[in-house]
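Everything below concerns the one structure shown next.
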Protein chains: 2
Amino acid sequence: MSEKHNHPKDEEHHDHDHCVESALQTAEALCLEQGQRLTKVRRRALELIWESHRPLGAYQLLAKLAEEGFNSAPPTVYRALDFLLGAGLIHKVESMNAYLGCAHADRAHKGYFLICDECHNVMEFDYQDIHASLIDKAKKQGFELRAETIELTGLCATCKSAGEAAKKAAKDKS
Amino acid sequence: MSEKHNHPKDEEHHDHDHCVESALQTAEALCLEQGQRLTKVRRRALELIWESHRPLGAYQLLAKLAEEGFNSAPPTVYRALDFLLGAGLIHKVESMNAYLGCAHADRAHKGYFLICDECHNVMEFDYQDIHASLIDKAKKQGFELRAETIELTGLCATCKSAGEAAKKAAKDKS
DNA sequence: ACAATCCCGTTATACTATAACAGGACGGAG
DNA sequence: CTCCGTCCTGTTATAGTATAACGGGATTGT
């Protein structure tokens with residue numbers, strides 16, 4: 001029910017290139033299906049977002065695109081981002097002003113995130129029971145739900161143990 | 001378990017001045033208890049946020065403060081906001097870059113929001129069972145939770161029925 | 001080929017937030 | 001009371017995020 005995503009450690013465990021490629025394939029299929037155009041900028045933007053191991057800021061992405069000869073003005077990147085967001089191919093992490101490849105673009109889902117304050121890695125998880133509760137809850141208020149922003153921040157397991165180790169070392173020293 | 005908050009319609013139903021006053025009292029008590037100083041700017045900022053009927057942007061707040069003779073440079077307002085956020089007296093609505101009085105500062109809670117895309121009103125609700133699930137979920141991943149951003153956007157009951165009425169009228173006309 | 005639409009280039013600007021340093025107010029120790 | 005340290009504020013400058021507006025070029029369907 002939960003899925004690790006974009007964590008550097010994962011590089012050891014999976015072929016990240018394959019992730020990117022698969023995301024691109026999904027994107028192409030989706031666009032074809034919906035009569036949308038996955039243009040060069042959009043396609044490359046999506047690739048770059050996926051290649052990054054953590055959420056990418058709009059201007060970081062813009063810089064990368066510029067390096068490759070794309071236009072370097074902000075609207076370029078924001079247009080691409082808007083398109084990808086609209087197609088459900090990426091998510092915006094509101095609390096970071098950053099953008100992340102969507103791990104489940106091929107099926108209906110909502111993106112819930114666990115964000116580490118320390119290393120800024122993000123795990124996306126898909127939590128159907130909470131989703132159902134939220135919908136139900138909103139409906140009871142006569143509220144028609146369109147989007148959910150669920151962002152949990154804190155310390156990931158790795159940083160937590162690193163922090164505890166550092167603390168212990170400092171204590172031993174004193 | 002849920003509580004309407006800051007909705008214009010509520011003006012008919014409750015004495016908003018009382019809300020503001022009560023929030024201020026809570027704030028004073030809290031600061032006293034924690035040895036924090038609720039200075040003039042901070043106090044006035046909190047009041048203005050509460051007086052507003054929807055989330056207030058930092059620069060909107062700054063403008064109001066400036067009108068009243070406070071310093072008009074951004075750090076003034078961001079410092080006040082940081083303080084109030086830290087004390088748990090207000091929330092930041094990440095998806096709007098705006099700030100909202102916290103309805104339950106006097107007890108431990110997390111702020112979950114229902115945000116209307118149309119009228120931009122926000123209802124805060126307090127949803128203990130979801131909170132518990134999220135904590136549990138994070139813990140299972142070895143993740144130590146620090147903060148939660150739960151923002152649901154869509155159409156509130158009022159705007160929904162207004163929208164449907166408008167649609168119907170358009171249809172009748174054609 | 002034509003029109004309609006969608007996409008992109010470009011310039012300018014709005015909006016959101018923080019860095020850095022100096023001075024002043026406040027509270028507690030002596 | 002006064003000195004000291006700390007917390008708060010004033011001020012200037014700048015970083016970072018996002019959109020408006022307009023014109024031109026590409027694409028698609030007819």
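The values are calculated or read from the model by the stated rules, or taken from the named source; none is laboratory data. Quick caveat: nothing in here was measured; it's all calculated off a predicted structure. Here the Cβ is made from the backbone with ideal geometry for all residues, glycine too, and neighbour counts use every protein chain on show. Heavy atoms of the whole protein, side chains included, go into the accessibility calculation; ligands, DNA and RNA do not. Shrake-Rupley method; radii C 1.70, N 1.55, O 1.52, S 1.80 Å.
Please tell me if residue B:79 is over 15 Å from the mean Cα position of the chain (by Cα) and within 15 Å of residue A:95 (Cβ to Cβ). Against the criterion (over 15 Å from the mean Cα position of the chain (by Cα) and within 15 Å of residue A:95 (Cβ to Cβ)), residue B:79 does not qualify.
Here no strands (runs of 3 or more DSSP E) wholly within segment A:108-168 include at least 2 residues being farther than 23 Å from residue B:112 by Cβ.
Among the residues of segment B:98-109, is any more than 15 Å from DNA strand C (Cβ to nearest atom), touching a strand residue (DSSP E or B) at 6+ places or on another chain (Cβ under 6 Å), farther than 19 Å from residue A:138 by Cα and at pLDDT 90 or above?
Of all residues in segment B:98-109, those more than 15 Å from DNA strand C (Cβ to nearest atom) come to B:101-109.
Of the ones still in play, those that are also touching a strand residue (DSSP E or B) at 6+ places or on another chain (Cβ under 6 Å) are B:101-103.
Filter again for farther than 19 Å from residue A:138 by Cα, leaving B:101-102.
Cutting the leftovers down to at pLDDT 90 or above gives us B:101.
The answer is yes; a qualifying residue exists.
Quick grid of which residues meet (1) within 14 Å of another protein chain (Cβ to nearest Cβ); (2) within 11 Å of DNA strand D (Cβ to nearest atom); (3) free of Cβ contacts under 8 Å to residues at least 60 places away in the same chain; (4) in contact with a helix residue (DSSP H, G or I) (Cβ under 7 Å, 6 or more places away or on another chain):
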residue: B:64; (1), (2), (3), (4): no, no, yes, yes
residue: B:70; (1), (2), (3), (4): no, yes, yes, yes
residue: B:74; (1), (2), (3), (4): no, yes, yes, yes
residue: B:79; (1), (2), (3), (4): no, yes, yes, no
residue: B:85; (1), (2), (3), (4): yes, no, yes, no
residue: B:89; (1), (2), (3), (4): no, no, no, yes
residue: B:94; (1), (2), (3), (4): yes, yes, yes, yes
residue: B:101; (1), (2), (3), (4): no, no, no, yes
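Among the residues of segment B:133-150, write down those that are of a type in the set (Val, Ile, Thr) and more than 7 Å from chain A (Cβ to nearest Cβ). Talk me through it step by step, then tell me what you get.
Of segment B:133-150, the ones of a type in the set (Val, Ile, Thr) are B:135, B:149-150.
Answer for segment B:133-150, where residues must be of a type in the set (Val, Ile, Thr) and more than 7 Å from chain A (Cβ to nearest Cβ): just B:135.
Do you know which of the residues in segment A:109-132 that are within 9 Å of chain B (Cβ to nearest Cβ) and open to solvent by 40 Å² or more (accessible area, probe 1.4 Å) is farthest from the chain's Cα centre (by Cα)? Looking at residues that are within 9 Å of chain B (Cβ to nearest Cβ) and open to solvent by 40 Å² or more (accessible area, probe 1.4 Å), I get A:129. Among the residues of segment A:42-65, those that are open to solvent by less than 40 Å² (accessible area, probe 1.4 Å) and over 17 Å from residue A:91 (Cβ atoms) comprise A:62, A:65. Each residue in segment B:121-174 was checked for being at pLDDT below 90, acidic (Asp, Glu) and within 23 Å of residue B:89 (Cβ to Cβ), and 3 pass.
Could you please let me know if residue B:85 is among the hydrophobic types (A, V, I, L, M, F, W, C) and open to solvent by 50 Å² or more (accessible area, probe 1.4 Å)? Steps first, please.
Details: among the hydrophobic types (A, V, I, L, M, F, W, C): yes; open to solvent by 50 Å² or more (accessible area, probe 1.4 Å): yes.
Spelling it out, residue B:85 is indeed among the hydrophobic types (A, V, I, L, M, F, W, C) and open to solvent by 50 Å² or more (accessible area, probe 1.4 Å).
Do we have residue B:19 as modelled with pLDDT under 90 and open to solvent by less than 50 Å² (accessible area, probe 1.4 Å) here? Criteria met by residue B:19.
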